[in-house]
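For reference, the structure discussed in these notes is given below.
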Amino acid sequence: MALLSWPVALHFFRMNKRVRQVATLGLYLSVLFSLYLVPLGMYSPCIKEVNTLGPAPMLIGHRGAPMLAPENTVMSFEKAIETGGQGLETDVTISYDGIPFLMHDQTLKRTTNVADVFPNRTHLDAAMFTWAELQQLNAGSWFLSRDPFGTVSSLSEADSSKAQNQSVPSLAQFLEVAAHSGKLVLFDLRRPPFGHPYRQSYITTTLQVVQAHINSSQVLWLPSEDRDLVQAVDTELQQTSGEKASIQELTDSHIIRLNLHYSTMSQQQISKYSSVNISTNLYVISQPWLYTLAWCAGAQSITTNSVHILSHIDKPLFLMTPEEYSVMWILTDVVSAILIIAVFIFHWWRERGLPFWSGSRQTHENGPYSKFRTELNDVWSISSIVVHPEVHIMPSSPCIHQLPTITEE
């Protein structure tokens, strides 16, 4: 009975193995089919008809051209203009004696040599220095030594020398550069700390400098403090908000432009604001592929570190029509399906023990199925010896050849 039961168990094991194979194959095909359908449901702003594409976003140099010169220096803004920038972005604070100047950080440590000139005041707020003290600082040598974008080696000897000798510019100097070139300006304004003489009047002080050095229509006024007062004093300023709000709230505040991080805006939102003449500036976009998405989404301008790179892009990198996108993925799905089916057929032929190129349906004796069949035949041959002891077995199989003849006693 033991000899009879183990072939049945072997067959049951083989059957369960096939069930597992079928289940695994079913799961595989389900996942594969889902992957085939996913691309057809994907969305990109660059899947659109060519005639619906708007103009390229205007390029606003983020602190100038910080890859080519020290940020927030006159040289940096000149480089941004030279390489195709249509606007200039900066950060403004006000000195202890009332001179608005350019500085992004709260302290002077990162972008100046304040540690060498005023070693005991490195942690002091930048606004607590007088304009005469600020003029003693070098605002360019750090750029050459730290090489923040890995671009210093590409500078000419003349540019390196010029960068080495940059100083902290005043807001007036910055505005004169923009006014001379006819560029838009966008700046954030930081309120001085407690104890500063101009903490309460920094808005009006800055506004006076703006009106004295540039046409107000070139200024995207971003500071939100006392906006109604600023709008009443100078209606030519382009009121710009750094926060999303309802259309009603924006129009009540005379907002005509939004300045937002690119990750916070969608094509639908940009389109909604554009429909009521509120344009959108996205920051900070420096990669060509991201610039392409902003362009396709309908952004009117972007703030960038790489004006010199993006200014050479004359069309989106991967713009395609919905029909082209569908055809591309359908063809890809079809080709991959054909390859997968070919692989399955190849393995099926091998399981059958047939050469892949053969059209014959005869079973090859060396195939795994034939081996299993031979094993079963051998088992049944051994079984027949026990069940029919009078039969003399001819040694026709290697497995039986060594067995002695068994007769009934």
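Observations
- Normalised by the number of residues in region 247-343, the average gap of Cα pairs under 8 Å and 6 or more apart makes the relative contact order 21 percent.
- Region 115-185 has equivalent-ellipsoid semi-axes of 23, 21, 10 Å, by the square roots of 5 times the alpha carbon gyration tensor eigenvalues, sorted largest first.
- Each part reduced to its alpha carbon centroid, region 262-306 and region 51-65 end up 8 Å apart.
- Taking region 64-82 and a reference point 7 angstrom along Cα→Cβ of Leu290, the backbone N atoms nearer than 17 Å belong to 64-68.
- Entry note, region 170-267: relative contact order of 23 percent, from Cα contacts under 8 Å with a spacing of 6+ residues.
- Part-to-part distance (alpha-carbon centres) for region 123-202 and region 310-356, which is given in Å: 53
- All C-alpha pair distances within region 211-280, sorted into 10 Å bins from zero, spread as 19, 52, 24, 4 percent across the bins.
- Our summary of shape: the Cα atoms of region 169-221 have principal axis extents of 38, 20, 17 Å, ordered from largest down, in whole angstrom.
- Derived scalar couplings ³J(HN,Hα) [region 261-271; Karplus, 6.51 cos²θ - 1.76 cosθ + 1.60; whole Hz; x for Gly, Pro]: 5, 4, 6, 9, 10, 10, 4, 5, 5, 4, 5
- Exceeding the 27 Å Cα-Cα cut-off - candidates Lys79/Lys315; Lys183/Lys315; Lys79/Lys109; Lys79/Lys272; Lys48/Lys272: Lys79/Lys272
Throughout, read-outs are computed from the coordinates displayed, never taken from laboratory work. Values in this document were obtained by computation on a predicted structure and should not be read as measured data. Counting neighbours? That spans all protein chains shown, and the Cβs are built from the backbone with ideal geometry, glycine included.
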